[in-house]
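Report on the following structure.
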Amino acid sequence: MRETLKYCFLFALAGLLAFAHTALAQDVKGNLVSVDWLQDNLKKKDVLVLDASNTKNYLAKHIPGAISVSFTAQESTSQGVNLSYGGGVDYFTDMETCPYAFQEMPAQQMEKLFQSWGISPDLKIVMYDEGGIFHAARLFFSLYYHGFPVKNLYILDGGLSKWQEEGFPVTKDIPPAPRKGTFHVKKLNHDVKADLPEFLTATGDRLNNAIVEGLTPVWHFGEALSYDKAGHIPFAIMLGYPDFFNADKTYKSREEIQKMLDYLGILHNQQVYTHCGGGPGGSVPFFAIKFIAQYPKVKHFPESQLAWLYDERDLPYWTYDAPYLMRNTNWLQWWGGQRTRSLGSIHVSIVDVRSSEAYNQGHVPFALNVPVENFKNHLKDPLSLARLLGAAGVNALHEAVVISGDGITKESALAFLLLEQLGQKKVSIFMDTMEYWSKRGYALKKDRTVVAPKKVRHDLAVPPVDYQAAPGKAVIADPNSTKGLYPKIFIASGKTIPSQAVEGKVVHVPYTELLNEDGSPKPAKDIWNIIYKAGVTRYAELICFSDDPGEAAINYFIMKLMGFPDIKVLVF
């Protein structure tokens with residue numbers, strides 16, 4: 001009997017230990033701790049809680065015993081202006097040597113600051129903010145960069161919002177100043193911080209690098225003019241910090257974050273650079289991609305857009321995600337013109353989709369006339385279209401610049417779509433008119449471009465080629481033939497919604513709402529507001545459709561211009 005009781009006791013103890021281990025695993029996930037865990041450990045001597053919110057919020061309410069890393073009440077305002085930002089940057093901003101905000105002071109000064117907050121290497125540091133924002137993540141990055149043991153760095157998942165949602169107490173009482181900490185900055189973690197030269201170089205190599213921007217569409221597409229220019233750094237992938245949070249302001253799971261990264265083409269083997277306006281917002285994708293999704297190569301660029309815009313080279317700044325899809329007269333007359341071709345550099349195929357009559361009245365030099373009817377007639381037979389294009393001199397390895405004479409038209413967009421469907425290396429649309437070309441002082445040709453095999457090395461004839469098609473999925477006949485990572489949204493692109501029904505969410509965005517009268521796209525900020533109001537979300541498999549495939553092709557082009565990664569056209 002005694003042996004039986006002994007085994008029962010051991011079995012029960014094992015069960016309790018297993019339960020405790022499971023509960024602990026739920027409360028501590030990597031560098032995130034739950035509010036339940038903090039409530040149970042709040043008064044332990046080895047736990048230091050840092051409030052990363054701004055002074056105003058901290059004074060209104062905070063977790064009992066939490067130490068503020070923002071200005072004191074006396075320092076937080078000047079002449080009625082609230083100076084406190086949060087995230088620790090109130091105190092660690094280098095005001096002496098750096099011409100822009102939010103950058104850390106030299107290591108020795110940072111060490112003294114950390115010690116004044118009571119930070120010692122043997123403590124568990126738990127940081128929090130209001131929840132669903134970036135202040136705690138920015139503080140986490142600073143401590144991690146300065147060499148604090150990452151195993152003892154934690155963010156309170158859900159922040160103060162989740163803490164209060166669970167009914168845990170808050171207070172206005174300011175705790176006494178903590179005992180001076182003993183943490184010393186011995187070695188900076190240079191592997192996780194990028195400077196402008198490195199970041200600038202990375203923007204030129206999208207194969208091996210992913211430039212992740214932690215800002216929202218209001219910033220990214222240029223509605224907010226927070227600096228001297230509106231928009232974003234070229235090739236920045238918009239992955240706003242709010243996207244990483246659930247409705248209750250806790251971080252999304254590893255699986256959900258990985259899904260977002262897969263959708264946006266951010267690969268596990270790439271070097272990931274995170275940034276935002278001045279560093280704080282970009283610290284959320286840094287934390288989530290490195291410590292939740294567990295990508296091996298992630299760096300934060302704290303100087304962010306401030307350094308980019310302050311640089312004396314006047315670095316480019318975009319509002320559209322892919323402005324290179326639009327070409328103008330100055331670009332085309334050089335890269336597709338006689339001077340470049342006479343030097344042997346021929347990497348542009350100019351595809352004029354106007355009628356033969358219009359083409360013969362005047363066309364850009366070296367333009368190849370492939371009337372749009374050829375594209376329409378081969379809409380469902382791309383391989384035969386490829387043979388036609390090759391015979392006309394269109395090279396799949398070139399950038400194909402489509403000309404219709406009036407910017408983005410149903411004709412130019414349809415050709416753009418089908419060239420992408422065929423796997424053309426690069427495709428763009430010429431945005432100017434023939435009249436504008438002439439006004440710029442460039443001659444138009446009336447004789448047809450000579451398409452013939454070259455007789456000499458730098459022969460200006462355009463040779464016919466074997467167009468090597470690599471058909472993709474830009475054009476589909478069955479909406480069920482594809483399955484994206486996110487649910488489908490069908491964009492009805494004409495004046496009315498087509499009579500042929502589709503199964504799924506349908507939004508109506510007439511292509512005419514997205515274009516100016518001259519055929520140019522409306523500003524990126526206006527396009528975003530139009531499509532967002534209509535019901536187009538950031539994460540979706542977008543399928544444009546219309547009774548006229550040219551109308552659907554225009555919306556396809558606009559969505560590409562805006563950086564949506566998963567877009568198709570449904571052809572009935």
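The values are calculated or read from the model by the stated rules, or taken from the named source; none is laboratory data. Quantities reported herein were computed from a predicted structural model and do not represent experimental measurements. Reconstructed Cβ throughout: ideal geometry from the backbone, glycine too, with neighbour counts over all protein chains shown.
Answer yes or no: is there a residue in the stretch 104-125 that is aromatic (Phe, Trp, Tyr) and in contact with an Asp or Glu (Cβ under 8 Å, 6 or more places away or on another chain). First the steps, then the outcome.
The initial filter retains those residues of the stretch 104-125 that are aromatic (Phe, Trp, Tyr), namely 114, 117.
With in contact with an Asp or Glu (Cβ under 8 Å, 6 or more places away or on another chain) added as a condition, the list becomes none.
Looking through the stretch 104-125, none of the residues is aromatic (Phe, Trp, Tyr) and in contact with an Asp or Glu (Cβ under 8 Å, 6 or more places away or on another chain).
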Failed condition for residue 507, given (1) part of a loop (DSSP other than H, G, I, E, B); (2) at pLDDT 95 or above; (3) touching a helix residue (DSSP H, G or I) at 6+ places or on another chain (Cβ under 6 Å), with all others met?
(1)
Take the stretch 162-203 and flag every residue that is touching a helix residue (DSSP H, G or I) at 6+ places or on another chain (Cβ under 7 Å) and in a strand (DSSP E or B).
193
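Residue 235: aromatic (Phe, Trp, Tyr) and more than 30 Å from residue 59 (Cα to Cα), yes or no? Lay out the reasoning, then the answer.
On the way: aromatic (Phe, Trp, Tyr): yes; more than 30 Å from residue 59 (Cα to Cα): yes.
The answer is yes for residue 235.
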For the structure I just gave you, tell me whether residue 134 is modelled with pLDDT of 95 or more, touching a Pro at 6+ places or on another chain (Cβ under 7 Å), within 27 Å of residue 213 (Cα to Cα) and among the hydrophobic types (A, V, I, L, M, F, W, C).
yes
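Does at least one position in the stretch 478-491 carry a residue that is in a strand (DSSP E or B) and without any contact (Cβ under 8 Å) to a residue 40 or more places away in the chain? Spell out how you get there, then give the answer.
To start, the set of residues in the stretch 478-491 that are in a strand (DSSP E or B) comprises 488-491.
Keeping just the survivors that are without any contact (Cβ under 8 Å) to a residue 40 or more places away in the chain gives none.
Within the stretch 478-491, none of the residues are in a strand (DSSP E or B) and without any contact (Cβ under 8 Å) to a residue 40 or more places away in the chain.
Can you find, within the stretch 439-461, the residue that is surrounded by the most Cβ atoms within 10 Å (Cβ to Cβ) among those that are touching a residue at least 40 places away in the same chain (Cβ under 8 Å) and under 39 Å from the mean Cα position of the chain (by Cα)? Quick ask: steps written out before the conclusion?
From the stretch 439-461, those touching a residue at least 40 places away in the same chain (Cβ under 8 Å) are 440, 442-446, 448-449, 451, 457-458, 460; that's our starting set.
Still in the running and under 39 Å from the mean Cα position of the chain (by Cα): 440, 442.
On the way: 440: 12, 442: 15.
Per the stated criteria, the residue is 442.
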Of all residues being touching a strand residue (DSSP E or B) at 6+ places or on another chain (Cβ under 6 Å) and among the hydrophobic types (A, V, I, L, M, F, W, C) in the stretch 39-53, which is surrounded by the fewest Cβ atoms within 10 Å (Cβ to Cβ)? Just the residue, please.
47
Number of positions in the stretch 402-411 that are surrounded by fewer than 23 Cβ atoms within 10 Å (Cβ to Cβ) and outside any loop (DSSP other than H, G, I, E, B)
1
For residue 529, work out the one condition from (1) on the phi < 0 side of the Ramachandran plot; (2) touching a strand residue (DSSP E or B) at 6+ places or on another chain (Cβ under 7 Å) it doesn't fulfil.
(2)
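For residues that are under 12 Å from residue 138 (Cβ atoms) and assigned to a loop (DSSP other than H, G, I, E, B), tally how many sit in the stretch 258-276. Outline the logic, then answer.
Narrowing the stretch 258-276 to residues under 12 Å from residue 138 (Cβ atoms): 274, 276.
Of the ones still in play, those that are also assigned to a loop (DSSP other than H, G, I, E, B) are 276.
Count: 1.
Mind checking which residues of the stretch 254-292 are hydrophobic (A, V, I, L, M, F, W, C) and either surrounded by fewer than 24 Cβ atoms within 10 Å (Cβ to Cβ) or in contact with a strand residue (DSSP E or B) (Cβ under 6 Å, 6 or more places away or on another chain) (or both)?
So in the stretch 254-292, the residues hydrophobic (A, V, I, L, M, F, W, C) come out as 257, 260-261, 264, 266-267, 272, 276, 284, 286-289, 291-292.
The answer is 257, 260, 261, 264, 266, 267, 272, 286, 289, 291, 292.
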From the set of residues in the stretch 515-554 that are under 20 Å from the mean Cα position of the chain (by Cα) and in a loop (DSSP other than H, G, I, E, B), which is farthest from residue 481 (Cα to Cα)?
523
Filter the stretch 112-158 down to the residues that are aromatic (Phe, Trp, Tyr) and in a loop (DSSP other than H, G, I, E, B), then identify the one that is surrounded by the most Cβ atoms within 10 Å (Cβ to Cβ).
134
Which numbered condition trips up residue 502, out of (1) among the hydrophobic types (A, V, I, L, M, F, W, C); (2) part of a loop (DSSP other than H, G, I, E, B); (3) within 24 Å of residue 426 (Cα to Cα)?
(3)
For the stretch 442-476, how many residues are under 23 Å from residue 340 (Cα atoms), touching a helix residue (DSSP H, G or I) at 6+ places or on another chain (Cβ under 7 Å) and among the hydrophobic types (A, V, I, L, M, F, W, C)?
4
Considering (1) buried (at least 19 other Cβ atoms within 10 Å of the Cβ); (2) in contact with a Leu (Cβ under 9 Å, 6 or more places away or on another chain); (3) more than 14 Å from residue 545 (Cβ to Cβ), say which one residue 475 fails and leave the rest.
(3)
Which of (1) at pLDDT below 95; (2) touching a helix residue (DSSP H, G or I) at 6+ places or on another chain (Cβ under 9 Å); (3) surrounded by 15 or more Cβ atoms within 10 Å (Cβ to Cβ) is the odd one out, the single condition residue 498 does not satisfy?
(2)
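Residue 532: in contact (Cβ under 8 Å) with a residue 40 or more places away in the chain and either of a type in the set (D, E, K, R) or surrounded by fewer than 23 Cβ atoms within 10 Å (Cβ to Cβ) (or both), yes or no? Talk me through it step by step, then tell me what you get.
Values: in contact (Cβ under 8 Å) with a residue 40 or more places away in the chain: yes; either of a type in the set (D, E, K, R) or surrounded by fewer than 23 Cβ atoms within 10 Å (Cβ to Cβ) (or both): yes.
So residue 532 passes the test.
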So, first residue in the same structural domain as residue 433 (by TED's automatic domain parsing) in the stretch 340-353, second residue among the hydroxyl-bearing types (Ser, Thr, Tyr) and assigned to a loop (DSSP other than H, G, I, E, B), Cβ within less than 6 Å, six or more apart or across chains; the pairs are 353/404
Candidate set: the stretch 555-572, residues that are assigned to a loop (DSSP other than H, G, I, E, B) and over 17 Å from the mean Cα position of the chain (by Cα); chosen: the one modelled with the lowest pLDDT
572
Kindly list the number of the only condition in (1) closer than 19 Å to residue 280 by Cα; (2) surrounded by 16 or more Cβ atoms within 10 Å (Cβ to Cβ); (3) not aromatic (Phe, Trp, Tyr) that fails for residue 189.
(2)
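Would you list the helices (runs of 4 or more DSSP H) that sit entirely within the stretch 277-381 and hold 2 or more residues that are of a type in the set (A, V, I, L, M)? Quick ask: steps written out before the conclusion?
Details: elements: 283-287, 304-310, 329-335, 338-342, 356-361, 372-377.
Of the helices (runs of 4 or more DSSP H) lying wholly inside the stretch 277-381, those with at least 2 residues that are of a type in the set (A, V, I, L, M) span 304-310.
Just wondering, is there one or more residues in the stretch 373-389 that are of a type in the set (Phe, Trp, Tyr), over 30 Å from residue 235 (Cα atoms) and out of contact with any strand residue (DSSP E or B) (no Cβ under 7 Å at 6 or more places or on another chain)?
As a first pass, look at the stretch 373-389 and keep what is of a type in the set (Phe, Trp, Tyr): 375.
Cutting the leftovers down to over 30 Å from residue 235 (Cα atoms) gives us 375.
Within this subset, residues satisfying the condition of being out of contact with any strand residue (DSSP E or B) (no Cβ under 7 Å at 6 or more places or on another chain) are 375.
Yes, that holds for at least one residue.
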For residue 334, state whether it is under 30 Å from residue 463 (Cα atoms), among the aromatic types (Phe, Trp, Tyr) and under 33 Å from the mean Cα position of the chain (by Cα).
yes
